[in-house]
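The values are calculated or read from the model by the stated rules, or taken from the named source; none is laboratory data. Here the structure is a predicted model, which means the values were calculated and not measured. Every residue, glycine among them, receives a Cβ derived from its backbone with ideal geometry; neighbour counts consider all protein chains shown.
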Amino acid sequence: MIGQKGYPPVHGGIEKHVAELATRLPGLGITVDIYSRPHYSQMNGSTDLDGVQVRRLPSIPTKHLDAISHTIVSTADVLFRQVDLVHYHALGPGMLAGIPRVLRGKPTVVTVHGLDWQRDKWGPVASRILKLGEAASVRAPSGTIVVSKALRAHYLAQHKEATTYIPNGIVPPVYRQPDLLRQAGVKGKYALFVGRLVPEKGCHLLLEAWRRLPTAVRQQYELVIAGDAGFTPRYVEELKASAPAGVHFLGYVHGPILDELFSNAELMVLPSTLEGLSITLLEGMSYQRCCLVSDIPPNVEAAGGHAVLFASGDAADLERKLVETLPDEALRSRLGAAGQIHAIEHYSWDRVAGMTADLYRELVGI
């Protein structure tokens, strides 16, 4: 696996995706090596999972060079190792997927987790390069995976190429009482945002809508922001400076406190303007949380009609939907229950691993 930041998955949807595959692929007869960046994890070598190794190699940890520098080093390393297949994640790293295939005859796969060139953090030059990566993602590798039906339709329309649809998944929820949350200062009912604090995740839009809520609503509910900067420190500083009273910034969280957040939220809000297929949304639904999401196609697809939608990028509409949804316990309960059933029926990491293993075997020829 090349392209993810590393292992274990402290934060990031791609990192979660890779970790869930690594948990299951060895049971299907496939050993996994995960290339990791030094600033993400100190782990190197054996993990607590049989058949999984972490290879920690250097990168240049800047916004523009971190991913590509690590991919170059990792690709050079994998050329001289006895591996059967190389799996790249995301458009930027996937641009190098032709190298092992052409130089060493190793089959390669690229998983497209989203159209990264659309992300707000990239300038014009970086966006153009990543857009080239989109075209390369169906030309350089032996096979291309997309995580949503919306992405599959995009590739068919724009590139006349068929891709393999393998979505993200969920694990069974672990319900917890809010003990760690109380220690962190979250005392009452709350709405929840989970994600990297980058512009396309829309946290600024949520804060704008939250500031506009009637005082009576903000007195009843707190807002919890779980996430931190992705090479966007100035953006995070602006978010914190603009936040009204009753907003809690917890930074990156994982493990029991994340379970507590999902278990006890009154409402989960996903105001993103760009997604591949949001693992956070799937996780929120798996915990039977009512979700309020932007109406971009991947969110509509994942929700399956069991979430409250608002017009993407429209803070006024988000405010209206917050005012309507927060006090309506019956609506939240109904959508939460239906969403959980939908998520369990359609999104399974076991199924994802099986489909991925089948593609590997097809490309390797076994």
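If you scan region 279-304, which residues turn out to be over 17 Å from LEU205 (Cα atoms) and hydrophobic (A, V, I, L, M, F, W, C)?
Passing the criteria: ILE279, LEU281, LEU282, MET285, CYS290, VAL300, ALA302, ALA303.
Those residues that are without any contact (Cβ under 8 Å) to a residue 60 or more places away in the chain and either touching a helix residue (DSSP H, G or I) at 6+ places or on another chain (Cβ under 7 Å) or surrounded by 22 or more Cβ atoms within 10 Å (Cβ to Cβ) (or both), I need them from region 71-95; list them, please. Steps first, please.
Going residue by residue through region 71-95, those that are without any contact (Cβ under 8 Å) to a residue 60 or more places away in the chain are 72-73, 76-77, 79-83, 91, 95.
Within region 71-95, LEU79, LEU91, MET95 meet the criteria.
With the checklist (1) farther than 30 Å from VAL109 by Cβ; (2) in contact with a helix residue (DSSP H, G or I) (Cβ under 7 Å, 6 or more places away or on another chain); (3) buried (at least 17 other Cβ atoms within 10 Å of the Cβ) in hand, flag the one item ILE166 doesn't pass.
All conditions pass for ILE166, except number (1).
Of these, HIS39, HIS64, HIS17, which one is buried (at least 20 other Cβ atoms within 10 Å of the Cβ) and either under 22 Å from the mean Cα position of the chain (by Cα) or in the same structural domain as VAL146 (by TED's automatic domain parsing) (or both)? Spell out the reasoning first.
Working: HIS39 fails: buried (at least 20 other Cβ atoms within 10 Å of the Cβ); HIS64 fails: buried (at least 20 other Cβ atoms within 10 Å of the Cβ).
It is HIS17.
Can you name the number of the only condition in (1) under 22 Å from GLY143 (Cα atoms); (2) at pLDDT 95 or above that VAL52 fails?
Condition (1) is where VAL52 drops out.
Given ALA303, ALA353, which one is touching a strand residue (DSSP E or B) at 6+ places or on another chain (Cβ under 7 Å), surrounded by 19 or more Cβ atoms within 10 Å (Cβ to Cβ) and among the aliphatic types (A, V, I, L, M)?
Result: ALA303 is the single residue among ALA303, ALA353 that is touching a strand residue (DSSP E or B) at 6+ places or on another chain (Cβ under 7 Å), surrounded by 19 or more Cβ atoms within 10 Å (Cβ to Cβ) and among the aliphatic types (A, V, I, L, M).
Checking the structure you have, find out if any residue of region 101-120 is farther than 15 Å from VAL18 by Cα, surrounded by fewer than 16 Cβ atoms within 10 Å (Cβ to Cβ), in contact (Cβ under 8 Å) with a residue 40 or more places away in the chain and not acidic (Asp, Glu).
yes
Would you mind listing the helices (runs of 4 or more DSSP H) fully within region 271-366 where at least 2 residues are touching a residue at least 12 places away in the same chain (Cβ under 8 Å) and farther than 30 Å from PRO100 by Cα?
By residue number, 279-286, 297-303, 315-325, 329-346.
Have a look at LEU250, LEU205, LEU223 and point out the one that is in contact with a Leu (Cβ under 9 Å, 6 or more places away or on another chain), of a type outside the set (Lys, Arg), under 24 Å from PRO61 (Cβ atoms) and modelled with pLDDT of 95 or more. Show your work before the answer.
Working: LEU205 fails: under 24 Å from PRO61 (Cβ atoms); LEU223 fails: under 24 Å from PRO61 (Cβ atoms).
Step by step, each of LEU250, LEU205, LEU223 is checked, and only LEU250 is in contact with a Leu (Cβ under 9 Å, 6 or more places away or on another chain), of a type outside the set (Lys, Arg), under 24 Å from PRO61 (Cβ atoms) and modelled with pLDDT of 95 or more.
Restricting the search to region 314-331, which residues are basic (Lys, Arg) and touching a Leu at 6+ places or on another chain (Cβ under 6 Å)?
LYS321
Pairs, please: C-beta under 7 Å, at least 6 apart or cross-chain, first residue part of a helix (DSSP H, G or I) and in region 139-167, second acidic (Asp, Glu)?
As it stands, the answer is LYS149/GLU301; ALA150/GLU301; TYR155/GLU161, since those pairs meet every condition given.
Considering only residues that are surrounded by fewer than 16 Cβ atoms within 10 Å (Cβ to Cβ) and modelled with pLDDT of 95 or more, which ones fall in region 356-366? Can you show your working first?
Applying the first criterion (surrounded by fewer than 16 Cβ atoms within 10 Å (Cβ to Cβ)) to region 356-366 yields 358, 361-362, 364-366.
Once the filter is applied, which keeps residues that are surrounded by fewer than 16 Cβ atoms within 10 Å (Cβ to Cβ) and modelled with pLDDT of 95 or more, region 356-366 yields ASP358, ARG361, GLU362, VAL364.
Taking LEU309 as the residue in question, decide whether it is of a type outside the set (Gly, Ala, Ser), modelled with pLDDT of 95 or more and touching an Asp or Glu at 6+ places or on another chain (Cβ under 7 Å).
Yes; evaluated as a whole, the condition is true for this residue.
Among the residues of region 220-251, which ones are assigned to a loop (DSSP other than H, G, I, E, B), surrounded by 15 or more Cβ atoms within 10 Å (Cβ to Cβ) and under 22 Å from the mean Cα position of the chain (by Cα)?
Residues satisfying the conditions are ASP228, GLY230, THR232.
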